[in-house]
Amino acid sequence: MKRTSNWSCFALAAFLLTVFLPLSTPTAGAQTGVAGSGKIHGVVTDPSGAPRGDGTVSLYPSTGAGITAGEEAKYDLPVDANGNYKGDNVAAGTYSIIYREPSTPKNQVVDQIDEVKVTAGQDTEANIDMSRPAYIAKLTPEQRKALEEAQKKNAAIMKENAQIKNLNADLKTARDDDRKKDFADAAALMQKDASLKPDAAVLWVELGLAQAGLKQCSDAETALQKGIALDAAAKKPDPELEGAANDKLGECNVTDGKIPDGEAAYDAAAKVNPAGAGMYYENETIMMDRVGATNPTAQDAIVTAADKAIAADPNRPIPYYLKARALVAKATVDQKTGKIVAPPGCLEAYQKYIDLAPNGQFVADAKAVIAEMSQTQATSYKAGRKH
């Protein structure tokens, strides 16, 4: 069963207040171009440290005379959504690098870095970092206050991201433990993590799965129900996670003898994740068959569960076999002919199992029952061995 395992990391808070500055005069003297060309790349970050996506980085040759309004840049390099820009085949020389947002007036800039030298045959890194003191000094008191709030938010986000990274690693470990049947280790790890982040549905579900593996059905039911409730209330519920949780909840309920609760849990799994309905109902049929020998209510529920599984996915052979075996236990003997009379649908279910799984492990049993049903018997047929 596939289960959701990861959370998405949060995005850093962008410092949305933008300072538009007039073009400044470079401090360098006249610079002449150098033969050849090189490359340039960098990242644009705002005062809070978040990438500043979109906009344009423009390169103006440093001449010592400054950049005049209306002067055209020699190179205009687009900034992508992650704040990155790059340029190839840039003539070697010294440049003033200017960053503008799409809405920045032509005679103004968001930021400007002077004296950036591009060397022939090399790739120059030139980042536009608006968290530097020289830029922060230009902010108004209101903008500095907004920046402090953004920085606090980013610190919280980074802490949350670090926690999520650790929890995702623990989830992987717990699932590896489950596969190795080291349920105690998985349960201990998920119990710890669920206490650290009690609003994470996936942690409660994984805890419940491990507890179910330990046969701690009561604890597992509590954890699974909590995980299901949390995921159902989330902005983006995960149908596969809830389906897996309800499926295991149904197994625990049936094991505990709570047949109606188990039926409801399997129905909930199929409803929330219809794509897995055939599997969920097959699991229900198997569980009802497993406890049917000691629980008459479960014995009666085998056929009901099998019919739901067959309706959801008619190509699964096991539900046909378990349905047929449950029905054959109710076969009667015709007193006049001495023949066994199978309940309606019994022989058809056996035959369908054979058709779908000609090499299946229960084919011999199914064929034996069909053959015996055609013979005269003095007593009713005794059902075969349990699945």
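All of the numbers you see were taken from the coordinates with simple rules; none came from a lab. Predicted model only: the values in this text are computed from it and were never measured. Cβ atoms come from the backbone with ideal geometry, glycine included; neighbour counts cover every protein chain shown.
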Can you run phi through the Karplus equation (6.51, -1.76, 1.60; θ = phi - 60°) for region 173-186 and list ³J(HN,Hα) in whole Hz, with x for Gly and Pro?
-> 4, 5, 5, 5, 4, 4, 5, 8, 6, 8, 5, 5, 5, 5
With a 10 Å Cβ neighbour count serving as the proxy for reagent exposure, in which order, fewest first, do THR294, THR104 appear?
-> THR294, THR104
Please determine, in degrees from 0 to 90 and to the nearest 10, the orientation of helix 346-356 with respect to the longest principal axis defined by the Cα atoms of the chain, where the helix direction is its Cα long axis.
-> 40
When the helices in the chain are scored as -39500 (n - 2.57) per DSSP H run of 4 or longer and the sum is shared across all residues, what 222 nm value do you end up with, to the nearest 500 deg cm²/dmol?
-> -15500 deg cm²/dmol
One quarter of the C-alpha convex hull surface, i.e. the mean projected area of region 214-268 in nm², amounts to 3.4
Long-range HN-HN contacts of ASP114 with modeled amide H, under 5 Å | ILE97
Long-range amide H partners of TYR75, meaning residues 5 or more apart or on another chain whose placed amide H is closer than 5 Å, are LEU59
Whole-Hz Karplus ³J(HN,Hα) for region 280-285, in order, using 6.51 cos²θ - 1.76 cosθ + 1.60 and θ = phi - 60°, x for Gly and Pro?
-> 4, 6, 5, 4, 4, 4
Starting at the first residue of region 335-340, write each ³J(HN,Hα) from the Karplus equation 6.51 cos²θ - 1.76 cosθ + 1.60 with θ = phi - 60°, in whole Hz, x for Gly and Pro.
-> 5, 7, 9, x, 8, 6
Scan region 148-235 for trypsin sites (Lys or Arg not before Pro) in coil per DSSP, keeping those whose Cβ has at most 14 other Cβ atoms within 10 Å, and list them by number.
-> LYS180, LYS181, LYS215, LYS235
With Cα atoms, 0 to 90° folded angle of helix 259-272 axis to the chain main axis = 40
Only Lys, Arg (+1) and Asp, Glu (-1) charged, at Cβ; region 242-387 dipole about Cα centre in debye = 580
What lysines could a cross-link reach from LYS181, if we take a straight Cα to Cα line under 16 Å and drop same-chain neighbours fewer than 8 places away?
-> LYS172, LYS215, LYS248
In region 287-364, the trypsin sites (Lys or Arg not before Pro) that fall in loop regions by DSSP, at most 15 other Cβ within 10 Å = LYS330, LYS336
Once amide H atoms are built 1.01 Å from N in the peptide plane, which residues 5 or more positions from VAL333, or in another chain, come under 5 Å H to H?
-> VAL341
Electrostatic dipole magnitude of the chain [Cβ: Lys, Arg +1; Asp, Glu -1; Cα centre; debye, to 20] = 780
Listed candidates [x] 32, 28, 25; [y] 73, 23, 16; [z] 41, 23, 21 - label of the one calculated as semi-axes √(5λ) of the Cα gyration tensor in Å | [y]
Would you work out which of ASN273, ASN84, THR94 lies farthest towards the positive end of the dipole of the chain, given +1 charges on the beta-carbon of Lys and Arg and -1 on that of Asp and Glu, about the Cα centre?
-> ASN273
